[in-house]
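Here the structure comes first, spelled out in structure tokens, and everything after it is commentary.
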Number of protein chains: 2
Amino acid sequence: MKDPLEQWLEELLEKHEGERMTDKQSRILRAAVEVFAEKGYSGAATSEIAQRAGVAEGTIFRHYRTKKDLLYSIVAPFVARLIEPFVLRDLYPLIDNPHPTFEGFIRGILDNRIAFAEKNIKVIRILLQEVPFHPELREQFLSKVADRVLRKITNVVNHYREQGHIVEVPPLTAVRLVGSTLFGYLIVRFLFAPTGWDDSLEREATVQYILHGLSSRIEAK
Amino acid sequence: MKDPLEQWLEELLEKHEGERMTDKQSRILRAAVEVFAEKGYSGAATSEIAQRAGVAEGTIFRHYRTKKDLLYSIVAPFVARLIEPFVLRDLYPLIDNPHPTFEGFIRGILDNRIAFAEKNIKVIRILLQEVPFHPELREQFLSKVADRVLRKITNVVNHYREQGHIVEVPPLTAVRLVGSTLFGYLIVRFLFAPTGWDDSLEREATVQYILHGLSSRIEAK
DNA sequence: CATCAAAATGAGTGATTACTCACTTTTTAT
DNA sequence: ATAAAAAGTGAGTAATCACTCATTTTGATG
């Protein structure tokens, strides 16, 4: 089985700037992802990145003008990827030709985001750690993810609400509730990684929690 | 109205080590909380902490042997506080003489944790940012919070499950689901702080989401 | 093989880092 | 009032930081 990070980096290397990267340049990126994830941006030394990549320190600065440029070259395309396949590949078909049930929609979202997180834990970790310290990063993240994704999802939520599948709450609130449940699942599974985690059980419980939490209420005594 | 951080620091200053702190020492702590929250541990310079506190840099190292000691002196008592009032003040009465309804219990937890977060945003921010980089911190956090708190909460969950108030899921799963919903509420409210946030509406929606997500299912159709 | 531009190098730069220590000031005890 | 202890100081230190640059290596082209 192929290392998912490997796969992601390859795509990044091929597509980035049109031209292909040199061997050393890709090793710099790989090492930078490692060290940033381990020590955070401030705690990561360019000397260590160079050492782990097996290149001279000067080589880093031949390709990236500053250390911050190096960070952005890793995180920026990831932010784009965070939404692009999500919105375009999964959401558009769901909007244009939505899944008949809210349950089917939720299961689809869960599967998709779990697969995405599985592939990109390290870069996600970097993003979560550095966003608080880099206003430009936060701005880019919010303007892309928040504005574009939320608007799209809001449409979908409205659709199911109109169909009477889910309860009457502001769509943004619904997104927050589902989002935090999904996020909690991902954090516990990938960052805490508890022993004896029965994934199919946990996943099913999570789906049921979301469905019952949002589905139209049946008044009972 | 009094600054909540002020209040927390005062308690910390009085109780810490039994003896009272000097004026300069408390100003060092205050400044350290500021700078750590703004720049993270690695990004924070002791020179800047000294400057903001209005003391000489040497004074910091008279009271704290290393920069890491300074961080721990802020975070460690907070971790204790994270559980102490939570477990003892709120949970024990709920276990010994539990709230008759699951709904009442959830509302109580929500109120309590919201108030706590409101008081301690800055230190929470430091804790969230630094836990990934300090294994000792993570260990302490997990051994105290995870083990002790989770065990206590598990009992409460079991209680409501036996009473038939909530659905049949593993107690730890229930804690994860409620926890992530509560956590999501806190993050969105305090860290994102969206404009036009209708708190009473959001809070009620969150409670309803949790209650319906976990309450015993009524088979329909 | 010769040419040349891009890639790579690593010693060197000044700035900044956490931390020390000899010394002065303030507080406490008698 | 005086001595002892504790608190505070700031110049100084070695280490490390991100980054530069003159020089060498590499790889493609004629």
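Computed from the coordinates by the stated procedures, all read-outs in this text should not be read as laboratory data. Just so it is clear, the structure is predicted and the values come from calculations on it, not from any experiment. Neighbour counts run over all protein chains shown; Cβ positions are idealised from the backbone, glycine included.
Computed from the C-beta positions of B:His63 and A:Ala80 and an R0 of 51 Å, the FRET efficiency is 0.65 to the nearest 0.05. Scaled to the globular estimate 2.2 N^0.38 Å, the Cα spread of the stretch B:74-221, given as radius of gyration, is 1.10.
Modelled label positions at B:Ala115 and B:Thr22, each set 7 Å beyond Cα in the direction of Cβ, lie 3.7 nm from each other. The separation of the stretch B:128-183 from the stretch A:34-61, counted between C-alpha centres, amounts to 37 Å.
Averaged over its residues, how many other protein chain Cβ atoms are within 10 Å of peptide B:144-151's Cβ atoms? It would help to have the intermediate numbers written out before the result.
Details: counts 0, 0, 2, 0, 0, 0, 0, 0.
Per-residue shielding by partner chains comes out at 0.
Summary for A:Asn158: label point 7 Å along Cα→Cβ; distances to the equivalent points in the other copies, ascending, 4.8 nm.
Shielding value for A:161-173 is 2, the average number of Cβ atoms from other chains within 10 Å of each residue's Cβ. With 18 Å as the limit, write out which pairs from B:Lys39/B:Lys67; A:Lys68/B:Lys39; A:Lys39/A:Lys122 have Cα-Cα distances beyond it, or answer none. Correct reply: none exceed it.
Sparse packing (at most 13 other Cβ atoms within 10 Å of the Cβ) combined with a DSSP loop state is found for the following GluC sites (Glu not before Pro) in the stretch B:132-188: B:Glu168.
Between A:Ile166 and A:Arg161, A:Ser216, the built amide H atoms are under 5 Å apart, and every one of these is 5 or more places off in sequence or on another chain.
Partner shielding of A:205-217 amounts to 6, given as the average count of beta-carbon atoms from other chains within 10 Å of each residue beta-carbon.
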